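The values are calculated or read from the model by the stated rules, or taken from the named source; none is laboratory data. All values reported here derive from a predicted model rather than from experimental measurement. Because the Cβ atoms are built from the backbone with ideal geometry, glycine has one as well, and the counts that use them run over all protein chains shown.
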Amino acid sequence: MTKKLFLTAAFMFCLALSFAQSKEELQTQKKEKQAEADAAQKEADALQAQIDALPGWKLGAFGTIGGSLSNFNNWFAQGTPSNSSGNIGFTVNAYANFIEDKFFWRNSLNTNLSWVKLNDKEDPTDNDSFEPTTDVFNISSLYGRNLSKKLAASALVEYRTTILDNFNDPGYLDVGIGGTWTPTKNLIVVFHPLNYNFVFANNSAVYESSLGAKIVADYTRQIGKINFKTNFATFQSYNSSDLSNFTWINSFSYTLWKKIGVGFDFALRSNHQEALSYALGLLPADYMGDPLTFDNVDNDLQTYYTVGLSYKF
């Protein structure tokens, strides 16, 4: 009996030793393969950098998709026991750049759209359709002639509006000339001291076009599985600070599998004309108080964010 126990213990020890050795060998092989993969990735990144440096069109896009759907029947613990609800939204950041030695033409698109619904099944008058909530559309085109390696004379056309609700009410069209500074291939800084901000809106008593300066800073970069873009654009009116505005949009995505990942978008905006127009729209028809003006309406900071799945085009 003792001999059997000894043989069994010896067998188990040899088996454990063999397993430990094979595990160490596999880990060593994994490290070697990972080192080879890292070296190959560095070579691929270097080749991509050479491709990016070549003249011609450069195209790219990435976006974020988020959404959810739910349905309840006789769920009495909540205020609306029978309802169907949902929300869906997406953002798209795209660019088409034509880069040559003597000139460049940079075009970009940013849009953020979302819809939401809450249908009370017990209320026949309830709206059961998706209603737009987030509605952002921005497109720009920048042309420049190089004066040096990093400085160029440039002209910019930029249009911003909403497309799901109140299209072009308001809509902003900036047209201007000035200079563009490109300190790195990922950072573009535009300064146009001669820019006219055309404002299109039904409420001409609030919205006013004016001459001013346009400043844009855009940083777009891809590092491995990370895509990042931040764009800051401001118009500073020469007529009045109440006619000035700025928008800062940040987009981030991380690829988890193939072209699918997670994305996050965050934006800030300040626009006193929009704040005044919104406040006037909230007044009742029989309002008899003091008239609302730029002086007595706060220009509250506007924000939005979107989190969801991302897809790299």
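Would you pick out the residues in the stretch 221-251 that are buried (at least 20 other Cβ atoms within 10 Å of the Cβ) and either part of a strand (DSSP E or B) or on the phi > 0 side of the Ramachandran plot (or both)?
Across the stretch 221-251, the qualifying residues are Asn227, Lys229, Asn231, Ala233, Phe235, Asn245, Thr247, Ile249, Ser251.
Say whether the condition of being in the same structural domain as Asp135 (by TED's automatic domain parsing), of a type in the set (Lys, Arg) and not in a strand (DSSP E or B) is met by at least one residue in the stretch 253-260.
Looking through the stretch 253-260, at least one residue is in the same structural domain as Asp135 (by TED's automatic domain parsing), of a type in the set (Lys, Arg) and not in a strand (DSSP E or B).
Would you mention how many residues in the stretch 264-313 are in contact (Cβ under 8 Å) with a residue 12 or more places away in the chain, over 20 Å from Asp242 (Cβ atoms) and of a type in the set (Phe, Trp, Tyr)?
Count: 6.
Across the stretch 151-200, what is the number of residues that are charged (D, E, K, R) and not in a strand (DSSP E or B)? Explain how you work it out, then say what you get.
Let us first name the residues in the stretch 151-200 that are charged (D, E, K, R), namely 158, 160, 165, 169, 174, 185.
Imposing the further condition that a residue be not in a strand (DSSP E or B) reduces the set to 165, 169, 185.
Total satisfying the criteria: 3.
On the given criteria, is Gly86 within 29 Å of Tyr305 (Cβ to Cβ) and exposed (fewer than 15 other Cβ atoms within 10 Å of the Cβ)?
Against the criterion (within 29 Å of Tyr305 (Cβ to Cβ) and exposed (fewer than 15 other Cβ atoms within 10 Å of the Cβ)), Gly86 does not qualify.
When you go through Tyr172, Tyr196 one by one, which is the residue that is in the same structural domain as Gly79 (by TED's automatic domain parsing) and under 25 Å from the mean Cα position of the chain (by Cα)?
Tyr172
Which of the residues that make up the stretch 69-112 are part of a strand (DSSP E or B) and either in contact with a Cys (Cβ under 9 Å, 6 or more places away or on another chain) or among the aliphatic types (A, V, I, L, M) (or both)?
Once the filter is applied, which keeps residues that are part of a strand (DSSP E or B) and either in contact with a Cys (Cβ under 9 Å, 6 or more places away or on another chain) or among the aliphatic types (A, V, I, L, M) (or both), the stretch 69-112 yields Leu69, Ile88, Val92, Ala94, Ala96, Ile99, Leu109.
Can you report the number of residues in the stretch 138-150 which are surrounded by 21 or more Cβ atoms within 10 Å (Cβ to Cβ) and not in a strand (DSSP E or B)?
Adding up the residues that qualify gives 0.
Among the residues of the stretch 203-211, is any closer than 24 Å to Tyr278 by Cα, in the same structural domain as Val262 (by TED's automatic domain parsing), of a type in the set (A, V, I, L, M, F, W, C) and at pLDDT below 95?
Taking every residue of the stretch 203-211 in turn, at least one turns out to be closer than 24 Å to Tyr278 by Cα, in the same structural domain as Val262 (by TED's automatic domain parsing), of a type in the set (A, V, I, L, M, F, W, C) and at pLDDT below 95.
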